[in-house]
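The values are calculated or read from the model by the stated rules, or taken from the named source; none is laboratory data. Note that this is a predicted model, so its numbers are computed, not measured. When we count neighbours, we look across all protein chains shown, and the Cβ atoms used for this are built from the backbone with ideal geometry, even at glycine. The protein model used for the area step is the full one, side chains on, heavy atoms only, and it has no ligands, DNA or RNA in it. Shrake-Rupley method; radii C 1.70, N 1.55, O 1.52, S 1.80 Å.
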Amino acid sequence: MKSLTLRGLRGGVGCTTLIAALGYALHQLRQRVLLLDLCPENMLGLHLNLPWSAAEGWAQADKQQSPWQEAAWCLSQDLWILPYGRLSYAEQQPIAQSLNQQLEHWPERLASLSSHFDWVLIDQKTAEPLSLVACDLEIRVAHADPACHALLQSSLPPDMPLLVNNFDPIRKLQRDIWLLWQQTRPELVPLLIHADEAVPESLACKAPVGHHAPQSLAAKNVASLAAWCLSKE
Amino acid sequence: MASLPPSFQVADASSPAADDITDLRKALQMPELPYVDITTQNAVRDVLKRWPLLSELSYFAEQNTP
């Protein structure tokens, strides 16, 4: 089983949406996929038709000391999601503290699932400097904008692949930054996820973009990304 | 089917007789000629001229490259 996470260079670059889309695309390529939401915002499930009001999740299970596995939802054969669940702000603090203190917690849990899945895709908070759960494949996600360009100058792990999301080829500045990164950033993933209205529309319909708009450019880009992930051994 | 008369046929580029560039390099004792993508180099230079932030960060990156 391979673990994968998307680390936003800053907030709002679209990691949660991409994780949902990528999970769906990998499943379309006949992979067994588990989507794991480690974020208290609990947004991942919204992309996969989970009810907003559903409080169940692994964090709720931990609080009630019930089996965390039973909080998972089966979306389709071999496509599962384990949401964080809905906790109040006060309830979230003990969970956040234990996550940071017991970093071995989640790798152990995932190891117990390794025979059931080919991929676990983990949605983690961007603000954390290190991944809470270290993954086999960690992809940094950015927009081709000046803020991300400046942030890339800080010392970051150099080997992390860099993926551009929400790319609009009509905008000159984005085209310029993409060109510059192609020449200066060997870690750049050689494909783009284009800005596409199908992406927010898919969330508005509570579906991953590959399901809601399979012919859209963004869906095709994500399918390419899934193939690229499969090629990384 | 039309075909070129023998006097017009171009020699196979991989045959030794046709490799003028290698012969010239050897005669002038020149090193290997790496491919230079001038179009892209010019495009990158224009990008850095166009946007001061990108230019400054590029300078910073160059100064800090070991």
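Any idea which of (1) open to solvent by 10 Å² or more (accessible area, probe 1.4 Å); (2) touching a His at 6+ places or on another chain (Cβ under 9 Å); (3) touching a residue at least 60 places away in the same chain (Cβ under 8 Å) is the one A:N221 doesn't satisfy?
(3)
Out of the residues in the range A:77-86 meeting the condition of being on the phi < 0 side of the Ramachandran plot and open to solvent by 20 Å² or more (accessible area, probe 1.4 Å), tell me which one is modelled with the lowest pLDDT. Full working, then the answer.
Of the range A:77-86, the ones on the phi < 0 side of the Ramachandran plot are A:77, A:79-84, A:86.
From what is left, the residues that are open to solvent by 20 Å² or more (accessible area, probe 1.4 Å) are A:77, A:80, A:86.
Details: A:Q77: 92, A:W80: 96, A:R86: 85.
The qualifying residue modelled with the lowest pLDDT is A:R86.
Can you tell me which residue within the range A:50-76, out of those that are touching a helix residue (DSSP H, G or I) at 6+ places or on another chain (Cβ under 9 Å) and open to solvent by 80 Å² or more (accessible area, probe 1.4 Å), is modelled with the lowest pLDDT?
A:K63
Quick one: which of A:L22, A:L26, A:L36 is outside any helix (DSSP H, G or I) and under 20 Å from the mean Cα position of the chain (by Cα)?
Going through A:L22, A:L26, A:L36 in turn, the sole match is A:L36.
What about A:D168, is it over 27 Å from A:G45 (Cβ atoms), away from chain B (no Cβ under 14 Å) and open to solvent by 70 Å² or more (accessible area, probe 1.4 Å)? Break it down stepwise before answering.
Details: over 27 Å from A:G45 (Cβ atoms): yes; away from chain B (no Cβ under 14 Å): yes; open to solvent by 70 Å² or more (accessible area, probe 1.4 Å): no.
Judged against the criteria, A:D168 is not a match.
Within the range B:33-51, track down each residue that is at pLDDT 90 or above and more than 10 Å from chain A (Cβ to nearest Cβ).
Taking the range B:33-51 and keeping what is at pLDDT 90 or above, we get B:38-51.
Correct list: B:I38, B:T39, B:N42, B:R45, B:K49.
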